[in-house]
Structures are given as structure tokens and as C-alpha cells.
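Heads up: the structure comes next, in C-alpha cells.
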Amino acid sequence: MLYSRGNLLQRRFHRGLSVSKNSELRWRLPAHPLNECLPKGTEMSSGFMNRYRMLLISVACGIGVCVLDAVLDWLLFYEGTFIDLLIFDVPEHEVYIRSLIFAIFLIFGFYAHTQVRVRERLNAKLESTLADKDALLKEVHHRIKNNLGVILSLVEMQRENVEDASAEETLNQVRMRLDAIILIHKQIYSQQTFASLRLDTYLQNLSRGLIALYDNDSKQVDIIMELDPVEVSPREAVPCGLICSELLTNAYKHAHPNGASGTIYLRLKSMENGYRLQVCDDGVGFPENFTLGSSNRLGLQLVKSLARQLNGTLDLHNDTGACITMHIRQS
């Protein structure tokens, strides 16, 4: 029976479709005809060529140089055929020359093959060591996150059983500080690299945690975030996160007294030699002649200490409300 090209394509299409037991159509690519023509052991031969590639290249180069030498001799000196000069009627001195040339390439090939194998073994060992190190670091961050999570759960249980408002607020601050550290380890654990993390993503998650913490509060305070993408090291992210947590908590508690609603602005600006972190609000602002040195609040003293740890500078001023700006220089 004769088939047209369209019929053949249609038969191949239907042959590529198989129906599972659940009557789901699954696409099965038919075997390519060329694959059936390949001799068995092709994968082995390709692996052999890849393993001994430097040796094979050197042998091929040696043979090529010998053939080139025979071509030059045939063009300049020999009167017979090229095949005779190459194989059957090789002068004695040409045998020595070609043997020497081939031996030099062969020795170089063995040397290059040995060096490549040594480098491959060293690279494999280094990759294995790096993989073990990454797995260990990931496990360390995971365990730290879990341990801090247990502590956070204990603080949360204690907060639910506290009736004193002052003690409850103190536990809320402890919870926010723990959240700031836990989020760093959680973000590091969820990404591929441990050398740096996105500070803007971290601050965004931290702000959401603050909103969730005070969600049951009567006053309505919105947080508007303007965050540039900034990469920082985990060592730098911890104090920066604690600073942001303290400033956001301080603005939430003191910027809008008596249950008033308002807005907090969190800004992260990437600069040429570092970045700028700014927390502002539209509340009552700082008292007259207020400075960080004159404040006896633990949160602001912690901010001052952490900013010094980051080699940053702090600037306090009143705009539409209180505004604190921290400049961090990165090397």
C-alpha cells in the first residue's frame, strides 16, 4: 500500500501518542532512525575520546606534521608518487625524522594528558569540598533559624500570658528583634549563595512582620516602602535589620499618639559608594533639641551602637514628622 507524505507524517504522529491507564494522553518521541544505526558502545567511545582527548590530539598533530613533511619532500625532492614516499619508499633519514617528530608529540601528549587528569581530579575534589561546605553552611543557618524560632515561640507564649501592658510591649520589642535575625537566616537558607543577600527584599519582609505584629492595634498606620535593590553581606545585614526594626517600631509607637492614624516611610537608596537607609513619618516629630545622645531609650541607644558598628552616620531632623537617615559606606 502506498502512502503519501501527509499520511506518513500522520501515522508517525499517532504512533508517538500513547494512552496511559488513566486515559491521559502523553507524548512519546519515537526513536530517531539514525540512533538505531549507531553502533553499540558509542557512549563508551565518546567517553574514551573525552578522557584521552589531549593524547589523541597530540597523536593527530604528530601524524599531520609527518604527512606535511612528506608533502614538502615530494614537492621539492622526490620524483615518485606521494604514496610511495609516505608509506612504501620512505628514505632512511626520513624514518628517523618522522619517528623523532612523532615521539616528541607523543611525549607531549602523555604529559598533557597527565596534567589534565591531575587538574580534573583536583577540580572534582574542590567541587566536592565546596558542595560539602555549602551544605554545612546551609544546615548551620537552618539550625540557627529553628533554634531562634523556638525562642520566639517561647516569647510569644509568655506574651500571651502577660497582663501588664508595659511587659507586653517589652516582649513585643524582643519579638521584633528576634524576627529581624530569623529573617536573615531564613533568606540565606532559601537562596543559592551565602556571600550576600538582597537588603531590599529583607527589609520588605521585616516590615510585613511589624505590620502583622501590631495588626490587632486600634490605630491604622501604613508603611510605604521605596526600596532600591542593594546587595549586602549577612554580617552587615544583621545590624542593619536590627536598626530598621528599632526605627520602625519607634515610629509606630511614638509618631502617632492617642490612637491617631498615619504613615511611615521606609526608603533604601543605592548610592555610588554605599547606600542610604531612611525611616520617616508624618507624626509629631522629635522634641526640640532632641539628640541620640540625650535619649535614654534602649532602642535608640542600640541604633547608635549598631550604626557605629557599620561605620555609618546617623542624621535626625524634623520634616513633615520625624526622620532618621543612616548613610553606610561600602568598600
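Okay, here's what the table says:
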item	result
Subset tally (residues that are without any contact (Cβ under 8 Å) to a residue 60 or more places away in the chain, closer than 24 Å to GLY262 by Cβ and either in contact with a Lys or Arg (Cβ under 8 Å, 6 or more places away or on another chain) or surrounded by 12 or more Cβ atoms within 10 Å (Cβ to Cβ) (or both)) for the range 318-331	4
Out of ASP228, ASP222, sole residue that is more than 24 Å from ASN311 (Cβ to Cβ) and in contact with a strand residue (DSSP E or B) (Cβ under 6 Å, 6 or more places away or on another chain)	ASP222
Qualifying positions in the range 159-174 - surrounded by 12 or more Cβ atoms within 10 Å (Cβ to Cβ) and farther than 18 Å from ALA212 by Cα	VAL162, ALA167
Answer from VAL174, VAL162 - the residue that is in a loop (DSSP other than H, G, I, E, B), at pLDDT 80 or above and of a type in the set (A, V, I, L, M, F, W, C)	VAL162
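The values are calculated or read from the model by the stated rules, or taken from the named source; none is laboratory data. No experiment lies behind these values; they were computed from the predicted model shown. Don't worry about glycine lacking a Cβ; one is built from the backbone with ideal geometry, like all the others, and counts go over all protein chains shown.
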